[in-house]
1. What's the FRET efficiency of Phe69 with Glu13 using the Cβ-Cβ distance as r and R₀ = 35 Å, to the nearest 0.05?
2. Per 10 Å bin from zero, what fraction in whole % of the C-alpha pairs of the stretch 2-113 is there, up to the bin with the longest pair?
3. How many nm separate the modelled label positions at Glu94 and Ala142, each set 7 Å beyond the Cα in the direction of the Cβ?
4. When the Karplus curve 6.51 cos²θ - 1.76 cosθ + 1.60 is applied with θ = phi - 60°, which whole-Hz ³J(HN,Hα) does each residue of the stretch 102-113 get, with x for Gly and Pro?
5. How high is the FRET efficiency between Glu4 and Ser60 when r is their beta carbon distance and R₀ equals 25 Å, given to the nearest 0.05?
6. If r is the Cβ-Cβ distance from Asn77 to Ser133 and R0 is 25 Å, what FRET efficiency results, to the nearest 0.05?
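None of the figures in this text is laboratory data; all of them are computed from the coordinates on show. Since we're looking at a predicted model, the values are computed, not measured. Glycine gets a Cβ as well: all are built from the backbone with ideal geometry, and neighbour counts include every protein chain shown.
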Amino acid sequence: MRFEVRRVPANWEHPKDGHGNYIPLHNDTFDQEMLTWEQRKNHFLRGIRSPENIDKGYPSTLRGFIEAFGPGPDASNYVNYNGQECTHVAIYEEFTFGTPVTPFFPSVKDLEEHLVKIGIRGQKFGIREIQFSRESASAFIAELIHPPLGRDEGLAAARKVYEKINSAKSQVHTKHL
């Protein structure tokens, strides 16, 4: 399972469905994603595609483009706040494209304290509870906020942390990292 620290507004209430479950939200804004999608579509329409991409399954028709990349992003799948109003932090899991696994806190230090005292609790993916020592909580948050290495190396280092977390699935309730 992958996690990320997200900044959110102080009064943020993550939306829930009719059953009380969190609705996954991408961390990017809808405007950013729509711009990316429109640029990709415009490149496609202007014929900016190489034979190499077509050979690799890149669509050759507009219909194929829509089938491959969808009709464009749906605004309901994205956060609806801007970074300027984000004063609180929470840990989100990324497997479902973003649902919170901790409450929202005014500081990273408060979030770290929560990981030490309460941990991460969830009912999805077989994880019931993950408890952290102070050192592991600090390292975990630092890794999520500032991957110390390049993308590939950072992912490899993060994977080790996630493997420890995933091993918690085999425990009945608590795993001390």
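1. E(calc), rounded to 0.05, equals 0.65.
2. Cα pair-distance distribution for the stretch 2-113, in percent: 13, 34, 25, 18, 9, 1.
3. Going by the 7 Å Cα→Cβ label model, 2.0 nm.
4. 9, x, 9, 10, x, 8, 5, 4, 5, 5, 4, 4
5. Working from the Cβ atoms, E equals 0.10.
6. The calculated FRET efficiency here is 0.10.
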